[in-house]
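Shown next, in structure tokens, is the structure this report addresses.
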Amino acid sequence: MKRNLEYIIGLETHVQLNTKSKLFCSCKNVASLKEEPLPNTYVCETCLGMPGSKPVVNEKVIEYALKVALALNCKINKDFFFSRKVYFYPDLAKNYQITQYEIPVGYDGYVVVNGKKIRIKRVHIEEDPAKIVHKKDYTLVDYNRSGVPLLEIVTEPDISSAEEARAYLFKLKQILEYIGVYDASTLAVFKSDANISIKGMERVEVKNITGLKEVEIALKYEMLRQKQQVLQGRNVARETRRWDETAKVTRAMRTKEEEEDYGYILDGDLPAVKVDYNFLKELSSKLPELPDEKLQRFVKQYGLKEKTAESLISEREIADLFELAVKEGISVKEAATWIGRVIKKILNYHATSYKASGFKDEWVIETIKAYESKKYSDATTEQILRKMFEDSLPLKELVKKYGFKEMVSSDDALKAIALEVIEENKKAVQDYRTGNEKALDFLVGKIMAKTKGSADPKKARDVLKEVLK
Ligand code: ZN
Ligand code: MN
């Protein structure tokens, strides 16, 4: 029995775009909000599918889709149209979903993940159906989500492990955030369906996996399930399964239907879209620097280690903060340490982004400058930044609130404390004078204790040596 099985994985990711309004009507796009609104409050005759209502395409969505296709190195279809995917379900008021089938906005692209090219098969626009809420004895439908603009981004089956799937999604999300079409700090959802097979076997589709970490967990589960089937001498059945996020298992839903089984028909209510060449050229020239380019530039321009640069470019706002700090005169080394390490550590701990946090560029820069001018010690500076995150207050207010101690750095102040310490620790002084260097460490420790850690230890040592000469 062959035990080293080869896995083949492809992902279909649905991303809710952060446009102000929905895809085919002027209702507010609920995915761009920060808090869940009351059910069925952002609806109109179009997104409720009432007879006689007509969809009008939101041009911003087309612009966003084109930007994404460009950023994912896709070829662009300059003529495309919308189709109706016809099926019955209560989340679909019109009995069809408006989507793109025959001709997507973008195709044949790629994303580089850890040096490997993951090919992008297609990028297309579609509308989100309503949300179904199952209660114990009944089911509710919330049409707020009906007509929210989605991009579906489909990879070729180029992914070979659960970790790689997660890394791909991380990269995809990062690119979407960089170009500003998706905002993780809103209600916008980032959801994937995965096609997984063992080489030579049928493939299984796992539906509805939200987020990045969850994809890794779901894939690991499903790969193991398929492997066990094969090891037991059975064939993996072709089917659609659902990811149960609570139980952390995939469950059988239905035997797989083919995409062709849906009755796709052209949507006659919507005109074909023609992309103007000059508009596309302008969009392309206005795309911001993307993560891969930024990483390379940071390594080259600032002489950073790749790992440090990676941390700094993880979020566009963090990269911008770093560059602003350096521009304002903070050394590359300190800017990289405080922003790439300390701030990132605080954000990771709270599982949030810089953008969504209470930090402000000028507050952070002011704090690092104060550190650089030796006003605050390492430990104090880190505490200040923690409190800055928690309270969302500038340095001055934090100092007032928590009484952060400035480093005792003036020579006179340090000398006075050194003299006190010498007076109180005659034995250690004696030891030092008779050649015991370690006694000096002890005395430095006493100075640090007296100043509650706010003295510069190196300076304290120099002052002590001077006084004891
Ligand atoms: Zn509407
Ligand atoms: Mn879809």
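The values are calculated or read from the model by the stated rules, or taken from the named source; none is laboratory data. Quick caveat, the model's predicted, so the values are computed rather than measured. Ideal geometry is used to build each Cβ from the backbone, glycine not excepted, and the neighbour counts take in all protein chains shown. Remember, those area values only see protein heavy atoms, side chains included, never the ligands or the DNA or RNA. Shrake-Rupley method; radii C 1.70, N 1.55, O 1.52, S 1.80 Å.
Dividing the convex hull volume of the Cα atoms of region 163-289 by its residue count, what figure in Å³ per residue is obtained? Spell out each step's value before the answer.
Numbers: hull volume 23.6 nm³, N = 127.
Value for region 163-289: 186 Å³ per residue.
Give me the net charge of Leu347's neighbourhood, meaning all other residues with Cβ under 13 Å from the Cβ of Leu347; Lys, Arg count +1, Asp, Glu -1. Please report the intermediate quantities before stating the final value.
On the way: positive: Arg341, Lys344, Lys345, Lys355, Arg386; negative: Glu315, Glu317, Glu390.
Summing Lys and Arg as +1 and Asp and Glu as -1 gives +2.
Largest first and in whole Å, give the semi-axes of region 411-467's equivalent ellipsoid, each being the square root of 5 times a Cα gyration tensor eigenvalue. If you can, show how the numbers build up before the last one.
Numbers: eigenvalues 58, 22, 21 Å².
Each semi-axis is the square root of five times an eigenvalue, giving 17, 11, 10 Å.
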_Built amide H within the under 5 Å cut-off of Phe82, gap 5+_ = Asp267
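With +1 on each Lys and Arg Cβ and -1 on each Asp and Glu Cβ, and nothing else charged, work out how big the dipole of region 44-107 is about its Cα centre, in Debye to the nearest 20. Present the calculation step by step, with values, prior to reporting the outcome.
Numbers: 8 positive and 6 negative charges, 20 e Å.
Dipole magnitude for region 44-107 comes out near 100 debye.
Report, in debye and to the nearest 20, how large the dipole of region 121-233 comes out about its Cα centre when Lys and Arg carry +1 and Asp and Glu carry -1 on their Cβ. Before the final figure, lay out each step's value.
Values: 17 positive and 18 negative charges, 69 e Å.
Dipole about the Cα centre, nearest 20: 320 debye.
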*Rolling a 1.4 angstrom probe over the protein heavy atoms, how many square angstrom per residue are accessible across the chain?*
51 Å²
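Starting from the alpha-carbon convex hull of region 6-53, give the projected area averaged over all orientations, in nm². The partial results should precede the final answer.
Details: hull surface 22.5 nm².
Mean shadow area of the hull around the Cα atoms is 5.6 nm².
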_Please report the equivalent ellipsoid semi-axes of the chain, computed as sqrt(5 x eigenvalue) of the Cα gyration tensor, largest first, in whole Å._
56, 27, 22
*Mind jotting down a quarter of the surface of the convex hull over the alpha carbons of region 335-409, in square nanometres, one decimal?*
4.5 nm²
*What is the percent of Cα-Cα separations in region 170-225 that go past 13 Å?*
65 percent
*Just tell me which lysines come within less than 18 Å, Cα to Cα, of Lys248; anything on the same chain fewer than 8 places away is out.*
Lys191, Lys207, Lys213, Lys220, Lys227
_Tell me the accessible surface of Val408 in square angstrom (1.4 angstrom probe, heavy atoms of protein chains only), to the nearest ten._
30 Å²
*Kirkwood estimate for region 7-282, i.e. one over the average of 1/r between Cα atoms, Å*: 19.5 Å
*asked:* Counting only pairs 8 or more residues apart or on different chains, how many lysine pairs in region 63-135 have their Cα atoms under 30 Å apart?
replied: 24
_How large is the accessible surface of Val249 in square angstrom, using a 1.4 angstrom probe and rounding to the nearest 10?_
30 Å²
*If one computes the Cα centroid of region 399-459 and of region 49-125, what distance in Å separates the two points?*
67 Å
_Test item: Cα-centred dipole of the chain, Lys/Arg +1 and Asp/Glu -1 on Cβ, debye_ = 1360 debye
_Report the Cα centroid-to-centroid distance between region 222-274 and region 295-326 in angstrom, as an integer._
40 Å
*If you roll a 1.4 Å probe over the chain with all protein chains in place, what percent of the accessible area is carbon or sulfur?*
50 percent
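Among DSSP beta bridges whose residues both lie in region 155-245, state the antiparallel percentage, nearest 5.
On the way: 5 of 9 bridges.
Restricted to region 155-245, the bridges split so that about 55 percent are antiparallel.
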